[in-house]
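See structure below.
Since every read-out is calculated from the coordinates, none of them should be taken as a lab result. All of these numbers come straight from a predicted model, not from anything done at the bench. Neighbour counts run over all protein chains shown; Cβ positions are idealised from the backbone, glycine included.
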């Protein structure tokens, strides 16, 4: 199973809505970390995923963004759409300082099938952490790849263990990707079970560091993952050519987009709705905006992993 880790920003949520609408067979459980209110886009995405039968997890104690740590606001704002306990999973990020609070909150709310996300340098000998791992209501433990002791503790307590990887290598400027046209992205989908995990997670084609907003770029870069002849997943970076100023953003998009379409047409990768949408924008010489470009990259990656894992089931 694949658990894409996404922030609750507009275009990430649109990517999930469209993925849910375009598919009926899922090997995907999105994990969403809310980062801002109001929650209109989140509610739309949740309703679509529920209608389509795509299960998801909502992080109730986000560690970044405008609503960092505001569990009460999230639970109150999403109470109506999350009333059906069978359609979603509560998720909580554990740190060295909040373990007793998480334990009490799970008991207070009587949550079940909880995802516990372990991303920081946790003290694995802390009694409060061991107590969390022993809770029957916590069923899934998400850990980064180097937490061997956490994996052993999770398996000892009969939990589902999911590996979280930070695969996307960000550059300082989009134009820097000109020198990195292609690189290997991940092969964990082939080996996660062999390595003792029940699922894999990543930040899709985004960096793990949270970035909110930004300036109009000098260069347009389109990041696209694909399966290379049955080998590991690779990522290609299609970059505009005229990158000396911020003007003519539509022209920059078409420069990058035409490179992507040429690759799609000349390779043997299987098409999907994200590929077809990008082709349409390029063919119509239409610049969709930076958010839509990001949405297409995310949606393509989720489509790719879902296709691979559905094929292998």
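Length gain on complete extension for the stretch residue 307 to residue 79, per 0.36 nm per residue less the alpha carbon to alpha carbon distance? Please report the intermediate quantities before stating the final value.
Details: separation 228, 0.36 × 228 = 82.08 nm, distance 3.24 nm.
Fully extending the segment from residue 307 to residue 79 adds 78.8 nm.
Modelled this way, with points 7 Å down the Cα-to-C-beta line, the labels at residue 211 and residue 40 are 2.6 nm from one another.
Measuring nothing but alpha carbons in the range 105-187 and taking Rh as the Kirkwood radius, the Rg to Rh ratio lands at 1.16. Extents of the chain, largest first, come to 57, 42, 37 Å (Cα atoms, principal axes, whole angstrom). Along its three principal directions, the equivalent ellipsoid of the range 185-267 from the Cα gyration tensor extends over semi-axes of 31, 18, 7 Å, largest first.
Counting alpha carbon pairs within less than 8 Å and at least 6 residues apart, what relative contact order, in whole percent, applies to the chain? Kindly include the intermediate steps, with their values, before the conclusion.
Working: 540 pairs, mean separation 51.2, N = 313.
Value for the chain: 16 percent.
Here the range 40-151 is described by how far its Cα atoms reach on the three principal axes: 41, 27, 27 Å, from widest to narrowest. Modelled spin labels at residue 173 and residue 266, positioned 7 Å past Cα toward Cβ, are 2.7 nm from each other. Placing a label point 7 Å from the Cα of residue 128 along the Cα-to-Cβ direction, the residues of the range 92-107 whose backbone N falls under 13 Å of that point are 94-105. If you take the Cα centroid of the range 162-218 and the Cα centroid of the range 46-96, the two points sit 23 Å apart. For helix 249-266, what angle does its Cα long axis make with the longest principal axis of the chain, in degrees from 0 to 90 and rounded to 10? On a 0 to 90 degree scale, this one is about 80.
Over the range 1-78, consider all pairs of different Cα atoms and compute the Kirkwood hydrodynamic radius from their mean reciprocal separation; express it in Å, one decimal. Walk me through the numbers on the way to the answer.
On the way: mean 1/r = 0.0799 Å⁻¹.
The answer is 12.5 Å.
Could you identify which residue out of 199, 251, 289 has the top mean-square fluctuation in a GNM of the chain using Cα springs shorter than 10 Å? Checking each option, the largest mean-square fluctuation is seen for 289.
Rounded to the nearest 0.05, what FRET efficiency do residue 195 and residue 68 give with R0 = 30 Å and r taken as the Cβ-Cβ distance? Could you check?
On the way: r = 32 Å, r/R0 = 1.07.
Taking R0 as 30 Å, the efficiency between residue 195 and residue 68 is 0.40.
Estimated from the Cβ-Cβ distance and a Förster radius of 30 angstrom, the FRET efficiency linking residue 107 and residue 47 is about 0.55. Dimensions of the range 70-208 from C-alpha coordinates, computed as largest minus smallest value along each principal axis and given longest first, are 53, 36, 28 Å.
Global dimensions of the range 165-313 from alpha-carbon coordinates: Rg and Dmax equal 15.6, 50 Å. Normalised by the number of residues in the range 218-313, the mean separation of alpha-carbon contacts (under 8 Å, six or more apart) gives a relative contact order of 29 percent.
Counting every alpha-carbon pair across the range 128-238, the share separated by more than 22 Å comes to 47%.
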